[in-house]
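The values are calculated or read from the model by the stated rules, or taken from the named source; none is laboratory data. All values reported here derive from a predicted model rather than from experimental measurement. So basically every Cβ, Gly included, is an ideal-geometry build from the backbone, and we count neighbours across all protein chains shown.
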Amino acid sequence: MILLIDAGNTRVKWRLTAADAPRQAIEEGALAHDAIGSLASLRARYPALSRAVGCNVAGAAIAAHLDQTLAGIGIEWLRPGANCCGVRNHYEQPARLGADRWAALIGARQLHRQACLVVTAGTATTIDLLSADGEFLGGLILPGVDLMQHALAHGTAQLPLAEGRFTLQPRRTVDAIHSGCLLAQAGAVERMFRQIASQPQAKCLLGGGAADSFAGLLDIPLRRVDNLVLIGLGAIAAAGEIHPQ
Ligand SMILES: Nc1ncnc2c1ncn2[C@@H]1O[C@H](COP(=O)(O)OP(=O)(O)O)[C@@H](O)[C@H]1O
Ligand SMILES: CC(C)(COP(=O)(O)O)[C@@H](O)C(=O)NCCC(=O)O
Ligand SMILES: [K+]
């Protein structure tokens, strides 16, 4: 039994799987950073749990807390490399790519073996290009929806942090902010998708906590897939492409 862990800047997503069936969740969940300790109960409830494979982009303190919580098992942390599970990493410095982005690309490759735009709407939004041959060609990082709205509220005198409604012709401040932040996300996605739109069966795979806030604005071939990172980690673990520390 393997515990897959995706430690993002807002939430830690986790999935317990059988070693030979990484896509079937025995149990899964998402935790706020201050609830990481609750993962310790999995060891008592699942004595067969023998491995943990994770990626962390939330900093060393979160990694240390997870390592401490799962000390009896030992977490094998993913470090992006040049190649893994049929995906080639064209980042100038491959190891500098976010491990979540790397795992999500590998997860996407498991699900769609044509040209693909891998979009994760998390704390930040990432928009990554994967060729039909599994080449990671590069991608964007932009503030997530929430971060955009917080930036406006904190960076200006008059803009509130308040819920607005989406409209194409906003006539209220809160709607202007909400609509601007959502269209910024959708615009970046649709603009990047143009690079692969003409390729056969090109598709956008969209996941992440904020995905549903703008998925409906996207006028491109789309598949909503949450937890691409966990799917990728499962594939990496099953392929033996992550090496115990
Ligand atoms: N229902 C929602 N509508 C819009 N944004 C949401 C919603 N639920 C969560 N979010 C946002 O999603 C982000 C967290 O998503 P997640 O994929 O867990 O991020 P990360 O991987 O960065 O931890 C946060 O910015 C949060 O505000
Ligand atoms: C861009 C990210 C912050 C996204 O993380 P998240 O929003 O999922 O917490 C993360 O992938 C990261 O820290 N990347 C490292 C820099 C890079 O990918 O170039
Ligand atoms: K930072």
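Some points to look at:
- Residues in the range 193-245 that are acidic (Asp, Glu) and in contact (Cβ under 8 Å) with a residue 40 or more places away in the chain: Glu241 alone.
- Scope the range 73-90; condition surrounded by fewer than 24 Cβ atoms within 10 Å (Cβ to Cβ), among the hydrophobic types (A, V, I, L, M, F, W, C) and in a loop (DSSP other than H, G, I, E, B); matching residues: Ile73, Ala82, Cys85
- Looking across the range 85-118, the residues that are in contact with a helix residue (DSSP H, G or I) (Cβ under 6 Å, 6 or more places away or on another chain) and either farther than 23 Å from Arg194 by Cβ or without any contact (Cβ under 8 Å) to a residue 60 or more places away in the chain (or both) come down to Cys85, Gly86, Val87, Asp100, Ala103, Ile106, Gly107, Gln110.
- Of Ala60, Ala32, all but one fail to be in contact with a Lys or Arg (Cβ under 8 Å, 6 or more places away or on another chain) and modelled with pLDDT of 95 or more; the exception is Ala32.
- Qualifying residue in the range 91-111 (condition: basic (Lys, Arg), surrounded by 19 or more Cβ atoms within 10 Å (Cβ to Cβ) and either within 16 Å of ligand 1 (Cβ to nearest atom) or within 19 Å of Ile231 (Cβ to Cβ) (or both)): yes
Yes or no, residue by residue, for (1) more than 16 Å from ligand 2 (Cβ to nearest atom); (2) not assigned by TED's automatic domain parsing to the domain that holds Ala132; (3) not in a loop (DSSP other than H, G, I, E, B):
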| position | (1), (2), (3) |
| --- | --- |
| Val12 | no, yes, yes |
| Gly37 | yes, yes, yes |
| Ala48 | yes, yes, no |
| Ala64 | yes, yes, yes |
| Arg109 | yes, no, yes |
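- Residue in the range 184-203 that is within 13 Å of ligand 1 (Cβ to nearest atom) and either crowded, with 19+ Cβ neighbours inside 10 Å or farther than 30 Å from Asp133 by Cβ (or both) present: yes
- Scanning the range 215-230 turns up no residue that is at pLDDT 95 or above, within 16 Å of ligand 2 (Cβ to nearest atom) and over 11 Å from the mean Cα position of the chain (by Cα).
- Among (1) in contact (Cβ under 8 Å) with a residue 40 or more places away in the chain; (2) among the hydroxyl-bearing types (Ser, Thr, Tyr); (3) within 16 Å of ligand 1 (Cβ to nearest atom), the one test that Thr126 misses: (1)
- For the range 6-41, the set of residues classified as over 16 Å from Glu76 (Cβ atoms), more than 13 Å from ligand 1 (Cβ to nearest atom) and crowded, with 17+ Cβ neighbours inside 10 Å consists of Ala25 only.
- Unique residue being under 22 Å from Arg109 (Cα atoms), within 15 Å of ligand 2 (Cβ to nearest atom) and either hydrophobic (A, V, I, L, M, F, W, C) or at pLDDT 95 or above (or both) when the list is Gly209, Gly144: Gly209
- Leu3 more than 17 Å from Gly122 (Cβ to Cβ), in a strand (DSSP E or B), touching a residue at least 24 places away in the same chain (Cβ under 8 Å) and more than 12 Å from ligand 1 (Cβ to nearest atom): yes
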